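Asks: Structure in structure tokens, see below.
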Amino acid sequence: EADQTVVTANQRFPIFFEEKRPFFLEGIDIFQTPLQVVHTRAIVDPDVAVKLSGKRGRNTFGFLVASDNAPGNFNQDERTNPVNARFIDKNAFIGVLRLKRDIGKESNIGLIATSYNFIEKHNQLVGIDGRFKLDPKTVASFQIIGTASRRCFFAPEKDEHTPLITESCFVNGSTRNYYRQGNGFAYSTVYDFTDRNFGWVYQGQGRTQDYRADVGFTRRVNTNRHAVFVRFNNDADTKRKIISWRVRSGFDANFDWQGRMQNWGSEPGFSLQLHHKTNIEFGVDFGYDRLFEQEFGPHRTATQAGAFFGAPERSAYQATVGGGIETNPIKQFAAYFSLNRGWNRFDFDFGASERYPRVSPPALVTAALQAAGKCVQDPVSNPNPPAECADPPLDPGPGHALSIESGVSFQPNSELQMSLDYTKSKLRRNDTRLLAFDENIFSFRSTYQFTRFIFLRARADYDTLESNISGQVLFGYTPNPGTAFYVGYNDDISRNGFNPFTGQLEPGFRRNGRTFFVKMSYLIRKSFGG
């Protein structure tokens, strides 16, 4: 199953995608912990994988090892680069160990360890966690993680001409990655009180600068986040026009390990439950966001320029107003719609494909000079082009944001299901009044279930930012998890897209690739009672 098409414009941190492969999904809850130190999508193309999991008495165990071909799988051009010679066709070796013991009726304590090893990239992780039912209304949990890594680390404070210890740190033209030992620490704690009409939750989580979990998923390092959420609600009564209501509020703050505030926010809101399975929600968000240039690139020193144009920091007070409705008035039909309007949301000045180049003030100056031909060096007419012709540093700036999510689903009978979803995300800068990006995603899904184990699925996605249309038709026979037979067809088409080699607009439709595939798997499973 292909991943869901999501908004990719102006994304500062990695995007999480769910695991979909049956082998890894079975028993995955055993390996799940608050800090996501195990995310099996990190095992991209396993040649061999073995998993053992189960429970005997009060003890739960999980063991996973894999040999992943993906890190050493280079394309033809990359194979000619002598820097890659030692890594070509080599595999990464990955291991995961999970142990957990029940304490009492609803409490447990556990241990987790992971290992990732590929030539010069090594990451070892170990941690303990626990969940404790203090009383019928209160649950407390924690996790503490330590990591040891020998790998390339990004070092924004280093001069770009500092000699590299290993050429493998030369990634995407950057010489600011340095091979060294790095030890990290992470923690998570939650205290949850849930009553019938009142509840509150405290959450705390943090990761140091050198924390790495190469078998897991990490959005951000050198950060701490602490949050408190409170909610009030009444008892539901179907005899009333408004069956129930809920009022909520929350406050969260992020700060780095140097004690600097990164962002904070407050999110009051309310929701109503109506008849015909209809829910209405409204909320506001007040907050503050602060950016440091060393999180985006080099940190300025006496001998080198920084990642930002002008000041080394950016900050803005922000506000968002939004609401939504979802309804399921009849069994065959359901729909949802939500809209959020934001003020002073940052454009990180990354640009959003050829369709939306950078629109910060220094980027516009460079583009104007290039368009006027003043950046073409000529020994007679233009021997010294203006310094502004060089690609300028990033100049993040606030703007007005709009996001919309909507969709309808239709199920005329138990065999057939269809859905159509629409997502919009756009941002217009305050200073230049230009669109930083405007991305629209249309997604259609349809499934026909012939029997409990046999189905036919079709899907199509259109992303206006990427000018891309992708489609898939899949026939499947899945008698049980891990045992399956699939026949499928994928198609990838551009509509009014840009040529990746020339950067020129190509009107009309252009096929990027098509794939026919057959996949068969058979799971040999042994269960242990206890």
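Asks: Please calculate how many Å² of accessible area the chain carries per residue, with a 1.4 Å probe and no DNA, RNA or ligand atoms counted.
Replies: Ligands and nucleic acids excluded, the figure is 55 Å² per residue.
Asks: Sticking with this one: Mind listing which trypsin sites (Lys or Arg not before Pro) in the stretch 180-235 are in a DSSP loop and have 11 or fewer other Cβ atoms within 10 Å?
Replies: Loop-located and lightly packed - Arg196.
Asks: Moving on. List the chymotrypsin sites (Phe, Trp or Tyr not before Pro) in the stretch 58-110 that DSSP assigns to loop (not H, G, I, E or B) and whose Cβ has at most 15 other Cβ atoms within 10 Å. Which are they?
Replies: Phe74
Asks: In addition: Taking θ as phi - 60°, what are the ³J(HN,Hα) couplings along the stretch 28-35 by the Karplus curve (6.51, -1.76, 1.60), each to the nearest whole Hz, with x for Gly and Pro?
Replies: Each residue of the stretch 28-35 in turn: 5, 4, 5, 8, 7, 9, x, 8 Hz.
Asks: Something else: Students often get this wrong: which residues of the stretch 266-292 have the backbone nitrogen under 14 Å from the point 7 angstrom along Cα-to-C-beta of Lys241?
Replies: 273-275
Asks: Explain nothing, just the number: dipole magnitude of the stretch 382-508 about its Cα centre with +1 on each Lys and Arg Cβ and -1 on each Asp and Glu Cβ, in debye rounded to the nearest 20.
Replies: 500
Asks: Next question. For Arg260 and Gln332, FRET efficiency with R0 = 56 Å and r from the beta-carbon atoms, rounded to 0.05?
Replies: 0.55
Asks: Which value, in nm² and rounded to one decimal, describes the direction-averaged projected area of the C-alpha convex hull of the stretch 229-306?
Replies: Mean shadow area of the hull around the Cα atoms is 7.8 nm².
Asks: Past 31 Å, Cα to Cα: identify those pairs from Lys133/Lys424; Lys241/Lys424; Lys20/Lys100; Lys133/Lys239; Lys331/Lys424, in the order given.
Replies: Where the Cα-Cα span goes over 31 Å, the pairs concerned are Lys133/Lys424; Lys241/Lys424; Lys133/Lys239.
Asks: Report the full-extension gain for the segment Asn69 to Arg21: residue separation times 0.36 nm, less the Cα-Cα distance, to one decimal in nm.
Replies: Contour length minus the Cα-Cα distance gives 15.6 nm.
Asks: Turning to a different aspect of this structure: What translational diffusion coefficient, in µm²/s and rounded to a whole number, does the Stokes-Einstein relation yield for the stretch 408-505 at 10 °C and a viscosity of 1.306 mPa s, taking the hydrodynamic radius as the Kirkwood radius over Cα pairs?
Replies: This corresponds to a translational diffusion coefficient of 97 µm²/s.
Asks: What number, rounded to the nearest 500 deg cm²/dmol, is the helix-based mean residue ellipticity at 222 nm of the chain, given -39500 (n - 2.57) per DSSP H run of at least four residues and division by all its residues?
Replies: Helix-only estimate at 222 nm: -1000 deg cm²/dmol.
Asks: Using a basic spin-label model with each label point 7 Å from the Cα along Cα→Cβ, how many nm lie between Val518 and Arg196?
Replies: 6.1
Asks: Around Thr278, which amide H atoms from residues at least 5 apart in sequence, or from another chain, sit under 5 Å from its own amide H, with H modelled in the peptide plane?
Replies: When sequence neighbours closer than 5 places are left aside, the close amide H contacts are Asn328.
Asks: May I pose another question? Viscosity 0.890 mPa s, temperature 25 °C: Stokes-Einstein D of the chain from its Kirkwood Cα radius, in µm² per second?
Replies: For the chosen part, D equals 91 µm²/s.
Asks: If you don't mind, there's one more thing I want to ask. What list of whole percents do you get for P(r) of the stretch 301-447, with Cα-Cα distances grouped in 5 Å bins up to the one holding the largest distance?
Replies: Spelled out bin by bin, the stretch 301-447 gives 2, 8, 13, 13, 12, 11, 10, 8, 7, 5, 4, 3, 2, 1, 0, 0 percent.
Asks: Which FRET efficiency value, to the nearest 0.05, is calculated for Asp102 and Val365 with the Förster distance at 60 angstrom and r the Cβ-Cβ distance?
Replies: So the FRET efficiency works out to roughly 0.40.
The values are calculated or read from the model by the stated rules, or taken from the named source; none is laboratory data. None of these values were measured; they are calculated from a predicted model. Because the Cβ atoms are built from the backbone with ideal geometry, glycine has one as well, and the counts that use them run over all protein chains shown. Only protein heavy atoms, including side chains, enter the accessible area calculation; ligands, DNA and RNA are left aside. Shrake-Rupley method; radii C 1.70, N 1.55, O 1.52, S 1.80 Å.
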